[in-house]
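J.: Below is the structure I would like to discuss, written out as structure tokens.
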Amino acid sequence: MYKKVHLRLTILSTGITAAIMIIMSLIYLYISEKNLYQNQYNSFKNDINTISTNLEPQSVITMEWLSRMETQNNYLFFILDNGTPFLYNQLSNTHDISKEKLLQESMDSYREMFSFSDTETSAFSSPYLSRHVQFQFTSKSTNENYFCGVIEIEKSSSLLQVIILSPLHQLKKQIFDQRIRFIAIDGAAIFLLALFSWVFTGKLLKPIIENQKKQIQFVASASHELRTPLAVILSSAECCKNVSAEEQAGFIKNICQEGLRMSTLINDLLTLSGSDNHQFSIQIKPAELDTLLINSYEAFEPLAKEKSITLSLELPENTIPLCPMDGNRISQVVSILLHNAISYTPKSGKIQISLSYKKNFFKFSVKDNGIGIPDQDKKKIFDRFYRAEKSRSTKDHFGLGLSIAYEIIASHHGTISVTDASPSGSVFTVTLPGKHSEKSFL
Ligand code: ADP
């Protein structure tokens, strides 16, 4: 499931980005190829212009000049005198049939394009001595593209035609190379994109997956915890049927006790799910933290006495400011800590509650000399349903108390931590910031 979503997200993000990139590349290639073609055509046009101006005053066209022009620009020259090839054979070392054909094809294109018949030698009816045209044509025999320029010069009674061909294979190669470069760059970019998307979406999904795992774990643990008291209630109810009134009273007591356990557990679960849904309402008001601790001390003293545990309270000598807090919620935290301390401290142990105020921070702690918490468990005890050494916990402990305390303190923007007490036991310390504005957090 996770892998499928991960893969789909990767494909989706890579696909969209790659599509945008390919479209942009194609637009760039189109513009760049068009410019390349246009530049080459313009430069060919310029060359035809220059050649035409150079040829006009020359009474004799020198071979040297022509062959220099040919090799310099990679052009092919053909010269016709009154329509018949002139100097043609001398220009090429061997009698080249393909060149002859090329000349024929270029002249055919020239005639077609400027629409004049075979018997007419020129398409121009210009009054000037020299004129020229240029166009593009494709050789039918070689299927190669050429820029073709035709220059016509009237000398005495003859018409001199110079046909200049510039093969476009170089330009084609340039365009082809550019396309290959783009395909390679785009391919590499898409590969990197896919890699990045895979890592990125993986990181994005990790907290969601972890959260989902926690939720599944939470529901499983909650169901497990609810099943035990429910089983006791059902079996006790069953046993009530055919027994004496005295025995029935015992079973009913069991049912009530387990019902109470279930109710406590359900309340805890509701508190935690409320905090998960951000429906954990706290009403922050300035209140006396020392008075709250005195009340908790008084409430837990009888329970501590029952276990022969000495419970003491240490308050600051000077008056401390009012603490911005939700009194009921903080009282709940103190109860959780004291309940745990009494549960995990053996008979004749000592529990001390202390309060201090420094630099706008309130700090209270619950210290016991009980069984203590192993280092590897210190972080985990704030997790839901976590109980260090489950066997030593009593029936009333579901492993939810500290996670509730953590949520309450976090909603007050405070901190809760645990350290070892000396020589044995644990100290739970809570810090709450002072000077809060009076508002309710939801
Ligand atoms: P529980 O309801 O099981 O006490 P808590 O979330 O309150 O759940 O505590 C989680 C675990 O932390 C307990 O199961 C216990 O192992 C450990 N613990 C909490 N307080 C103390 C303490 N004062 N001394 C030793 N262990 C403690």
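J.: Summing -39500 (n - 2.57) over the DSSP H runs of n ≥ 4 in the chain and dividing by its residue number, what mean residue ellipticity at 222 nm do you reach, to the nearest 500 deg cm²/dmol?
T.: That comes out to -19000 deg cm²/dmol.
J.: I've got another one for you. Among Ala304, Asn328, Gln161, pick out the residue whose Cα is farthest towards the positive end of the charge dipole of the chain, where Lys and Arg carry +1 and Asp and Glu carry -1 on C-beta, about the Cα centre.
T.: Positive-most Cα among the choices belongs to Ala304.
J.: For the chain, what's the relative contact order in percent, using C-alpha pairs closer than 8 Å and at least 6 residues apart?
T.: Reported relative contact order: 12 percent.
J.: Sticking with this one: List the lysines whose Cα sits under 20 Å from the Cα of Lys358, skipping any in the same chain fewer than 8 residues away.
T.: Lys285, Lys367, Lys435
J.: Here are some pairs, Lys307/Lys363; Lys214/Lys379; Lys305/Lys378; Lys140/Lys172; Lys203/Lys378; Lys214/Lys380; which of them have Cα atoms lying more than 20 Å apart in this structure?
T.: Lys307/Lys363; Lys305/Lys378; Lys203/Lys378
J.: Net charge near Asp383: determine it from the other residues with C-beta under 13 Å of the C-beta of Asp383, scoring Lys and Arg +1 and Asp and Glu -1.
T.: Residues near Asp383 contribute +4 overall.
J.: Another question about this same structure. For segment 317-398, what is the charge dipole size about the Cα centre, in debye to the nearest 20, if Lys and Arg each add +1 at the Cβ and Asp and Glu each add -1 at the Cβ?
T.: 160 debye
J.: Accessible area per residue of the chain at 1.4 Å probe, in Å²?
T.: On a per-residue basis, the chain sits at 59 Å².
J.: If you don't mind, there's one more thing I want to ask. For the chain, what are the DSSP H helices with axial Cα length of 18 Å or more and mean Kyte-Doolittle hydropathy of at least 0.5?
T.: 327-343
J.: Roughly how many debye, to the nearest 20, is the charge dipole of the chain about its Cα centre, given +1 on each Lys and Arg Cβ, -1 on each Asp and Glu Cβ, and no other charges?
T.: Using only the charged Cβ atoms, the result is roughly 1760 debye.
J.: Search the structure for amide H atoms under 5 Å from the amide H of Phe362, placed 1.01 Å from N in the peptide plane, and list their residues when 5 or more places away or on another chain.
T.: Residues meeting the criterion, in which the H sits 1.01 Å from N, are Leu432, Gly434.
J.: Multiply the residue gap between Lys140 and Asn318 by 0.36 nm, knock off their C-alpha separation, and tell me the result in nm, one decimal place.
T.: Length gained, Lys140 through Asn318: 53.4 nm.
J.: Cα-based Rg (one decimal) and Dmax (whole number) for the chain, in Å?
T.: 47.9, 145
J.: Is any residue of segment 159-198 close enough, with backbone N under 16 Å, to a label point placed 7 angstrom from the Cα of Leu7 along the Cα-Cβ axis, and if so, which?
T.: 195, 198
J.: How much of the accessible area of the chain, probe 1.4 Å, is carbon plus sulfur, in whole percent?
T.: Carbon and sulfur atoms account for 57 percent of the accessible area of the chain.
J.: Where does each of Thr201, Thr319, Thr291 land when they are ordered by accessible area, with a 1.4 Å probe and the largest first?
T.: Final ranking, largest accessible area leading: Thr319, Thr291, Thr201.
J.: For Lys253, go through the aspartates and glutamates and keep the ones whose alpha-carbon is under 18 Å away, minus same-chain ones fewer than eight residues off.
T.: Glu238, Asp396
J.: Got a sec to turn the phi values of segment 309-317 into Karplus ³J(HN,Hα) couplings, 6.51 cos²θ - 1.76 cosθ + 1.60 with θ = phi - 60°, whole Hz, x for Gly and Pro?
T.: Values per residue, Gly and Pro as x: 9, 8, 9, 10, 10, 10, 10, x, 5 Hz.
The values are calculated or read from the model by the stated rules, or taken from the named source; none is laboratory data. Since the model is a prediction, treat every value here as computed from it, not as a measurement. Every residue, glycine among them, receives a Cβ derived from its backbone with ideal geometry; neighbour counts consider all protein chains shown. Note: accessible area is taken over every heavy atom of the protein model, side chains too, but ligands, DNA and RNA are not part of it. Shrake-Rupley method; radii C 1.70, N 1.55, O 1.52, S 1.80 Å.
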